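Here the structure comes first, spelled out in structure tokens, and everything after it is commentary.
The values are calculated or read from the model by the stated rules, or taken from the named source; none is laboratory data. Since we're looking at a predicted model, the values are computed, not measured. Cβ placement follows ideal geometry from the backbone for every residue including glycine, while neighbour counts extend to all protein chains displayed.
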There are 2 protein chains.
Amino acid sequence: MAGPGLLFVVSGPSGAGKDTVVAELRKRYERIRYSVSATTREPRPGEEHGQDYFFLTRSEFEAKNAADGFLETRSYNGNLYGTPRSFIEETLAQGYDVIMKPEVNGALAVKAAFPDAVLIFLLPDKFSYLRARLEARRTETPAEIAARLETAHEEVQYIRRFDYLVVNEEAQPQQAVDDLDAILRAERHRIYRWTDQAIRTLEES
Amino acid sequence: MAGPGLLFVVSGPSGAGKDTVVAELRKRYERIRYSVSATTREPRPGEEHGQDYFFLTRSEFEAKNAADGFLETRSYNGNLYGTPRSFIEETLAQGYDVIMKPEVNGALAVKAAFPDAVLIFLLPDKFSYLRARLEARRTETPAEIAARLETAHEEVQYIRRFDYLVVNEEAQPQQAVDDLDAILRAERHRIYRWTDQAIRTLEES
């Protein structure tokens, strides 16, 4: 079926494995476009400007925001995050799907702006793995990790506002990628994605 | 996630390819159980009692119906059709998924009885293929084929009461099976399939 692309939002607590899962999914779907967020936080080792995030100074961020350049913005652990508006709007209009992986607050803000967006909540099969993964990352202080774990529990309170829950199993990481893959494929077939015109064309063929 | 199984209902006009697609899907999922319908119509060549349908006489059908043995019944082209109730209820309670392929009226009746059922409408990529497939089947008279095609157009009027539309492409029949496969997998992850208790258990692990 033709028509605008779909917006897939993969979210969940820090340490749930969003980065890995979305990276794997992008390898499978060449036609899916990744929406890069902007942030004022410092890059982690290996992160690239324009690939992982647009790393902006606070004044750059505020100027873009004043020009209505963000779909939504939010503050998280003292840093600003935002979703550039024009990329998503133009890419969907061209018929490409877009995937993004904002924090939970950001996902809900995106849903408010794009009610058709598909929201997927990612959790590890054991909550205790969150701490282990954050510690293994070695980019946060113990206090930051404690704050992120507290945030994680707060984030789960919003889980019912998501469309799907996918469990990222520590022992079988490929499963979560397959699950997301199935969700992407299935969502294209939901009846409300079809216009009356598209159904009529099919019926008259 | 544990819990009761899911009920998948694949429907659509005669000649859309329900039989082939569902048969392929059952090969992939050994754990899915097939709900065999009952009917008073004559078996087509190759159809087996208990496999394709329970072929009942009209009086047998009516006795079972009087004993509340059907989830729903309907009349179609002068024959009675019914969905045996106990098989579905028991199989879902055991945690197995159930798949069935009733006519469109039957699908809507099942949805009324099981609001959680997932309804999938199957259409060929060209409506004109319906006639070609019915003719190739050589089991209906020209008058019966004309009646079925008229019924097909009436059935499409109910398409918005379904959850998904899958197009069964003549040139790529495997695509529709892959689509159904994705829908089955994705539906297990829909947030309302998760109980609060299941999410709490995950969060406390």
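Just a few scattered comments:
- Filtered residues of region B:153-205 (kept if among the charged types (D, E, K, R) and within 25 Å of A:L202 (Cα to Cα)): B:E154, B:E155, B:R160, B:R161, B:D163, B:E169, B:E170, B:D178, B:D179, B:D181
- Residues that are among the basic types (K, R) and either at pLDDT below 95 or within 27 Å of B:L6 (Cα to Cα) (or both) within region B:42-66 comprise B:R44, B:K64, listed in sequence order.
- Residue selected from region A:175-194 under the condition out of contact with any strand residue (DSSP E or B) (no Cβ under 8 Å at 6 or more places or on another chain) and in contact (Cβ under 8 Å) with a residue 12 or more places away in the chain, by the criterion farthest from the other protein chains (Cβ to nearest Cβ): A:V177
- A:A63 vs. criteria among the small types (G, A, S) and more than 30 Å from A:H153 (Cβ to Cβ): yes
- Scan of region A:186-205 for residues that are under 20 Å from the mean Cα position of the chain (by Cα) and modelled with pLDDT under 95, ordered by number: A:R188
- Residue match in region B:10-27 (condition: within 30 Å of B:L202 (Cα to Cα) and crowded, with 19+ Cβ neighbours inside 10 Å): no
- Whichever residue in region A:122-167 is away from chain B (no Cβ under 12 Å), of a type in the set (D, E, K, R) and free of Cβ contacts under 8 Å to residues at least 60 places away in the same chain and, among such residues, is surrounded by the fewest Cβ atoms within 10 Å (Cβ to Cβ): A:R138
- Residues (surrounded by fewer than 15 Cβ atoms within 10 Å (Cβ to Cβ), under 25 Å from A:T151 (Cβ atoms) and either at pLDDT 90 or above or hydroxyl-bearing (S, T, Y) (or both)) located in region A:67-77: A:S75
- Qualifying residue in region A:112-120 (condition: β-branched (V, I, T), over 24 Å from A:E42 (Cα atoms) and surrounded by fewer than 18 Cβ atoms within 10 Å (Cβ to Cβ)): no
- Residue check, B:D19 among the acidic types (D, E) and in contact with a helix residue (DSSP H, G or I) (Cβ under 9 Å, 6 or more places away or on another chain): no
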